[in-house]
Amino acid sequence: MNRKKIAVIFGTRPDTIKQAPVILELQRHPEYFDVVTIATAQHRQMLDQVLEVFKIKPDYDLDIMAPKQTLASLTAKIITGIDEILEKEKPDMVLVQGDTSTTCIGSLAAFYRQIPVGHVEAGLRTDDKMNPFPEEINRRITGCITDLHFAPTKTAKDSLLKENVDPKTIFVTGNTVVDALEYSVKENYEFTVPVLTEVVNQNKKIVLVTMHRRENWGKPMEGAARAIKRLAQQYPDFAFVFPVHMNPIVRDAVIPILKDMPNVKLIEPLDYLDFVNIMAKSYLILTDSGGVQEEGPHFGIPILCLRYVTERPDAVNFGTVKLVGLEEETIYNTALKLIEDENEYKKMANAVNPYGDGLSSDRTVKIIKNYFGLANEEIIEFDPR
C-alpha cells in the first residue's frame, strides 16, 4: 500500500491541544500514514506542557519564540523554517489548526510547495478583520488555501459555503478539543497547585476567570475586573480563581483591582491538565478565550464571554454561552442573575454542547484516508442534535 506522509504543524498551546488527538489517531494507522510533527514553538513553555501531556515529541522544533517579536518578524521565521522542512520531507499533505500565525504561514508555505492543506477547525468567522486580531485574517487566508476543511460545526460549514468554498471539500467533524478533554480530565485528578486543591477541598462554588485578548487590554479589562470584584464582595463564600496571563499589560489592568480580595485567587497561569481539571469542577466561567468557550460546554458550565463578538456563535445560539462584552454593569448584572435565579442557571447548564462527541479526530483521519484513496470509510458528520 502507498503510505502517505502527513506533516502536522502546531505552535501554541491551543492549536497543539487540538492537533494532539489528530496526531495520535494518525499514529494509530502506520499502515496508512507516516506522520511528521513540526512545532514552531510560537509559545514555548505552554507548548511544552501540552506535548508532555499527550506524549508527543516533535520531529522538528523551530523554537522561534523571542521577546517582543513583531508579527512580521514572527512570520518571516515561520515561513523560512517550515519551507526548509517541507523541502526536505516532501509530505503528501500538511495539517494546520485554527487561527494562529503558525496556522496561516504554515498553510502558505505548503501552498508555495503545491502541497495539499487540511485545516482542522475551519470556517470560524466574525467578519470583522480586526476582531479578533490577527486571528480573523489568519483564518481567512488559511481558508483560501485549504483543500480539506474540517469544520467543527454546521455554522462553520455555512460560513465557508458563503465564501464559495466547494461543498465537497467541507466536512463537519466536531471539535477535536472535546477529544482532548476526554483524554485529559480525570475524576480524582491531583492538582499540582496547592491553592486549587484547597479550593476544591473546601467544596466552594468556583468561578473561573481568564482574560488575555489584546482587543480587551486597558480600560475594558479594568471594567471586567471591577465587576469581578463586586461579585466577590457579594458572594464571599464563592472562590474566584483567576490564572493571570503573564503579559504585563494584563497584570497591570487586573491585579491592582483584585489583589486585596480574600476570595479571589490570583495565581500564575496553569498548565493544561490543572486548567481543564479545575474548569471541570467550576460553577461559572468568565472568559475572553475562544478555546474556553468550546471546552466549558462539555462540562455543562455556563460561560459569560467577555467579548462583544465571537467567531464561535454556536454555544451562544444553543444557550450555554452569553456574550456580555466588557462593561462592568453588564457583566455584574448578568452574573448576578445567573447565580440568583436557579432556573436561569439550569437553562444554561443543561444546554446542548454544540462542539463535539469525542470522535472528531476519528472522523478527520477517515476523511484523509478517503481523500487519498487509501480506504472508503463511511463518514457520519457530527450533529449535536
I need to check one value: relative contact order of region 194-349, counting alpha carbon pairs closer than 8 Å and at least 6 residues apart, in percent. 24
Show me the chymotrypsin sites (Phe, Trp or Tyr not before Pro) within region 195-278 that DSSP assigns to loop and that have at most 16 other Cβ atoms within 10 Å of their Cβ. TRP217
Approximate spin-label separation ILE379-ALA72, in nm, with each point projected 7 Å along Cα-to-Cβ: 4.0
On full extension of the chain, what length is gained from LYS129 through ASN247, given 0.36 nm per residue of separation minus the C-alpha to C-alpha distance? 40.1 nm
Hits among lysines - C-alpha to C-alpha of LYS369 under 20 Å, sequence gap 8 or more where chains match: LYS4, LYS5, LYS18, LYS90, LYS168
If one builds a Gaussian network model of the chain from Cα atoms under 10 Å apart, the most fluctuating residue listed among GLU187, GLU121, GLU89 is GLU187
Report relative contact order for region 21-133 in percent, whole number only (criteria: Cα-Cα under 8 Å, sequence separation at least 6). 19
If you take the square roots of the eigenvalues of the alpha-carbon gyration tensor of region 194-349 and sort them as a ≥ b ≥ c, do you get rounded (a/c under 1.5), prolate (a/b over b/c) or oblate? rounded
Express the relative contact order of the chain as a whole percentage, based on alpha carbon pairs under 8 Å and six or more residues apart in sequence. 15
For n ≥ 4 DSSP H runs only, could you compute -39500 (n - 2.57) per run for the chain, divide by its residues and tell me the 222 nm figure to the nearest 500? -13500 deg cm²/dmol
Of the candidates ALA239, ALA76, ALA349, which one comes out as most mobile in a Gaussian network treatment of the chain with C-alpha springs shorter than 10 Å? ALA76
Only sites in a loop by DSSP and with at most 12 other Cβ atoms within 10 Å count here; which trypsin sites (Lys or Arg not before Pro) in region 84-132 make the cut? LYS129
Please give the length that would be gained between ASP34 and GLN233 if that part of the chain were fully extended, namely 0.36 nm times their separation in residues minus their C-alpha to C-alpha distance (nm, one decimal). 66.1 nm
Under 18 Å from LYS219, Cα to Cα: lysines that are on another chain or at least 8 residues apart: LYS229, LYS259
Candidates MET348, MET211, MET130: whichever shows maximal mean-square fluctuation once the chain is modelled as a Gaussian network with Cα springs under 10 Å: MET130
When we measure straight from the Cα of LYS347, which lysines land under 19 angstrom away, once same-chain ones fewer than 8 places off are left out? LYS205, LYS281, LYS322, LYS337
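Readers should treat all values here as calculations from the given coordinates under stated rules, not as data from a laboratory. What you see is a predicted model; the values in this text were computed from it and never measured. Neighbour counts are summed over all protein chains in view; Cβ atoms, including those assigned to glycine, are modelled from backbone coordinates with ideal geometry.
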